[in-house]
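The structure under discussion appears below in the form of structure tokens.
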Amino acid sequence: MTAFIDRHAPQALSLLRIVAALLLVLHGTSKLFGFPPFMMGPPPPVGSLFWIAGVIETFGGLLVLFGIFTRPAAFILSGEMAVGYWMIHATKGPFPSNNGGDAPILFCFVFLLIAAAGPGPWSIDASRTPRAEDDPRLGER
């Protein structure tokens, strides 16, 4: 079982990146365009913090979804989720299960993992980066 898991860990990382980014893009488009419908009502005013969060989530999420500039985009998204948690959710109480902060905390750490580990093999970044077995000058990693 361990050999199977080890062999497919890179693909699992790609799946985590794709699913997390897709979910975040939906959060962003909800804020910016009201689709999918969001509980908070009409889209926020252009230039507001909530609008800026929607822009970061939508466009940063798309970069991570397709695996383009994945590490810097994921790092920015991780920070945006941390800021969102502390500015919005933590002010409503200390427990994430009660203040609605479960998702931002998970997004924060998932995107931090992606920033550290990279996009996985199913990404545009991976297709543009030479692998050690393809280029002997790179040696072992």
Taking only Cα atoms, what is the 0 to 90° angle, nearest 10, from helix 70-84's long axis to the longest principal axis of the chain? 30
Using +1 on the beta carbon of Lys and Arg, -1 on that of Asp and Glu, and nothing else charged, what's the dipole of the range 24-141 about the Cα centre, debye to 20? 180
Which of [x] 10.6; [y] 20.2; [z] 8.7 gives mean projected area of the Cα convex hull in nm² as computed here? It is [x]
Protein-only accessible surface order, largest first, of TRP51, TRP122, TRP86 at 1.4 Å: TRP86, TRP122, TRP51
Could you provide, to the nearest whole Å², the per residue accessible area of the chain with probe 1.4 Å? 63
Using a Gaussian network model on the chain with a 10 Å cutoff between Cα atoms, which of GLY79, GLY120, GLY47 fluctuates the most? GLY47
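Local charge sum around GLU57 (other residues, Cβ-Cβ under 13 Å, Lys/Arg +1, Asp/Glu -1)?
Around GLU57, the charge tally is 0.
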Between the residues LEU63, ALA90, PRO44, the Cα farthest towards the positive end of the dipole of the range 1-140, that dipole coming from +1 and -1 charges on the beta-carbon of Lys, Arg, Asp and Glu, is from PRO44
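Relative contact order, percent, of the chain when contacts are C-alpha pairs under 8 Å separated by at least 6 residues? Don't skip to the end; give the middle numbers.
Working: 171 pairs, mean separation 35.3, N = 141.
Normalised by residue count, the contact order of the chain is 25 percent.
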Report the extension gain between ALA90 and LEU15 in nm, rounded to one decimal, defined as 0.36 nm multiplied by the number of residues separating them, less their alpha carbon distance. 24.0 nm
Starting from the Cα of ILE105, step 7 Å along the direction of its Cβ; do the same at ILE68; then give the gap between the two resulting points in nm. 3.4
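When the accessible area of the chain is split by element with a 1.4 Å probe, what percent falls to carbon and sulfur?
Values: 6590 of 8880 Å².
Taking all protein chains in place, the chain shows 74 percent carbon and sulfur surface.
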Nearest-0.05 FRET efficiency for VAL83 and HIS8 at R0 = 30 Å, using Cβ-Cβ distance, is 0.30
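Which value, in nm² and rounded to one decimal, describes the direction-averaged projected area of the C-alpha convex hull of the range 1-48?
Working: hull surface 19.3 nm².
Result: a mean projected hull area of 4.8 nm².
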Which distance in Å, rounded to a whole number, links the C-alpha centroids of the range 58-128 and the range 16-32? 10
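What FRET efficiency do you get for LEU26 and ALA117 if R0 is 22 Å and r is their Cβ-Cβ distance, rounded to the nearest 0.05? If you can, show how the numbers build up before the last one.
On the way: r = 23 Å, r/R0 = 1.05.
So, using R0 = 22 Å, E works out to roughly 0.40.
The values are calculated or read from the model by the stated rules, or taken from the named source; none is laboratory data. Just so it is clear, the model here is predicted, and its values are computed rather than measured. Don't worry about glycine lacking a Cβ; one is built from the backbone with ideal geometry, like all the others, and counts go over all protein chains shown. What goes into the accessible areas is simple: the full protein's heavy atoms, side chains included, and nothing from ligands, DNA or RNA. Shrake-Rupley method; radii C 1.70, N 1.55, O 1.52, S 1.80 Å.
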